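Participant: Pasting a structure here, questions to come.
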Amino acid sequence: MRVFAAICIPEGTKKKLLEASRYFSFRGVTLVKTDALHITLHFFGEIDEKKVGMVKDAMDSIETGSFRVTLHGIGFFRPERIRIAYAGISDGADKVIGLRNALLHKLRIHDEERFVPHATIARVRGMRDRKAFLELATEYEDYDFGSFTVDSVSLISSRLSAEGPRYEELYKCEL
């Protein structure tokens, strides 16, 4: 099954993200649906039941405790070629990185890729009015989407369909 570890975002914060993201509804931009808003810690890809069990055990062994994060501002990984628009994390980003690193360490996964904690709000393919999109994003670069307490990590399965990915929480681990 196709799975990833994530921090789930509370409904009130999701609402603020969705209210802002609707302004980014340009041709070639697909907004992330409410139930798909989350902060991905690590995408494991296709793994079998045995590995799912190993991930659950690793999640259970993490002892970070709860912490607060603030979703803040709109960003892009590569502004010159935008593929994803996201809400960044200001307060608590270091804790999210530490949580991810602890999980990967427990699983003996070495990941060289630079990790930027974020919540994807839109996927971009063939956008025509890039300039207007970037101008709008500039208006939101200091927007505060809200703070919340991270007190759990979820293991989520992702099933691809014609309507987009469908997510199901397989496991939830309290921090």
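Participant: Out of all the residues in segment 111-120, is one or more touching a Lys or Arg at 6+ places or on another chain (Cβ under 7 Å), buried (at least 17 other Cβ atoms within 10 Å of the Cβ), modelled with pLDDT of 85 or more and more than 18 Å from L31 (Cβ to Cβ)?
Facilitator: Within segment 111-120, the subset touching a Lys or Arg at 6+ places or on another chain (Cβ under 7 Å) is 115.
Next, from what is left, pick out any that are buried (at least 17 other Cβ atoms within 10 Å of the Cβ): none.
For segment 111-120, residues touching a Lys or Arg at 6+ places or on another chain (Cβ under 7 Å), buried (at least 17 other Cβ atoms within 10 Å of the Cβ), modelled with pLDDT of 85 or more and more than 18 Å from L31 (Cβ to Cβ): absent.
Participant: If you go through segment 10-36, how many residues are part of a loop (DSSP other than H, G, I, E, B) and either surrounded by 17 or more Cβ atoms within 10 Å (Cβ to Cβ) or of a type outside the set (D, E, K, R) (or both)?
Facilitator: Our first condition is that a residue be part of a loop (DSSP other than H, G, I, E, B); within segment 10-36, this holds for 10, 25-28, 32-33.
Among the residues that remain, those that are also either surrounded by 17 or more Cβ atoms within 10 Å (Cβ to Cβ) or of a type outside the set (D, E, K, R) (or both) are: 10, 25-26, 28, 32.
Summing the residues that are part of a loop (DSSP other than H, G, I, E, B) and either surrounded by 17 or more Cβ atoms within 10 Å (Cβ to Cβ) or of a type outside the set (D, E, K, R) (or both) in segment 10-36 gives 5.
Participant: Report the residue count in segment 16-50 for those that are over 18 Å from L170 (Cα atoms) and free of Cβ contacts under 8 Å to residues at least 12 places away in the same chain.
Facilitator: Adding up the residues that qualify gives 3.
Participant: Can you pull out every residue in segment 65-94 that is assigned to a helix (DSSP H, G or I) and in contact with a helix residue (DSSP H, G or I) (Cβ under 8 Å, 6 or more places away or on another chain)?
Facilitator: Within segment 65-94, P79 is the sole residue that qualifies.
Participant: Also, I was wondering about something else. With respect to E46, determine if the residue is farther than 22 Å from E139 by Cβ, surrounded by fewer than 13 Cβ atoms within 10 Å (Cβ to Cβ) and in contact with a strand residue (DSSP E or B) (Cβ under 7 Å, 6 or more places away or on another chain). Explain how you work it out, then say what you get.
Facilitator: Values: farther than 22 Å from E139 by Cβ: yes; surrounded by fewer than 13 Cβ atoms within 10 Å (Cβ to Cβ): yes; in contact with a strand residue (DSSP E or B) (Cβ under 7 Å, 6 or more places away or on another chain): yes.
It is true that E46 is farther than 22 Å from E139 by Cβ, surrounded by fewer than 13 Cβ atoms within 10 Å (Cβ to Cβ) and in contact with a strand residue (DSSP E or B) (Cβ under 7 Å, 6 or more places away or on another chain).
Participant: Which of the following residues is modelled with pLDDT of 90 or more, within 16 Å of V153 (Cβ to Cβ), among the aliphatic types (A, V, I, L, M) and in a loop (DSSP other than H, G, I, E, B): I7, I62, I97, I39? Show your work before the answer.
Facilitator: Numbers: I7 fails: in a loop (DSSP other than H, G, I, E, B); I97 fails: in a loop (DSSP other than H, G, I, E, B); I39 fails: in a loop (DSSP other than H, G, I, E, B).
Result of the check over I7, I62, I97, I39: I62.
Participant: Run down I74, I39, I84 and say which single residue is surrounded by fewer than 19 Cβ atoms within 10 Å (Cβ to Cβ) and not acidic (D, E). Steps first, please.
Facilitator: Details: I74 fails: surrounded by fewer than 19 Cβ atoms within 10 Å (Cβ to Cβ); I39 fails: surrounded by fewer than 19 Cβ atoms within 10 Å (Cβ to Cβ).
After applying the criteria, what remains is I84.
Participant: Does A85 qualify as being among the aliphatic types (A, V, I, L, M) and in contact with a Gly (Cβ under 8 Å, 6 or more places away or on another chain)?
Facilitator: Numbers: among the aliphatic types (A, V, I, L, M): yes; in contact with a Gly (Cβ under 8 Å, 6 or more places away or on another chain): yes.
For A85, the condition - among the aliphatic types (A, V, I, L, M) and in contact with a Gly (Cβ under 8 Å, 6 or more places away or on another chain) - is met.
Participant: How about segment 59-104: which of its residues are more than 25 Å from S21 (Cα to Cα) and among the small types (G, A, S)?
Facilitator: Within segment 59-104, S61, G65, S66, G98, A102 qualify.
Participant: Which of (1) more than 17 Å from the chain's Cα centre (by Cα); (2) of a type outside the set (G, A, S); (3) at pLDDT 90 or above; (4) surrounded by 14 or more Cβ atoms within 10 Å (Cβ to Cβ) does Y140 not meet, given it meets every other one?
Facilitator: Just one mismatch for Y140, condition (3).
The values are calculated or read from the model by the stated rules, or taken from the named source; none is laboratory data. This structure is a prediction, so every number in the text was calculated from the model and none was measured. So basically every Cβ, Gly included, is an ideal-geometry build from the backbone, and we count neighbours across all protein chains shown.
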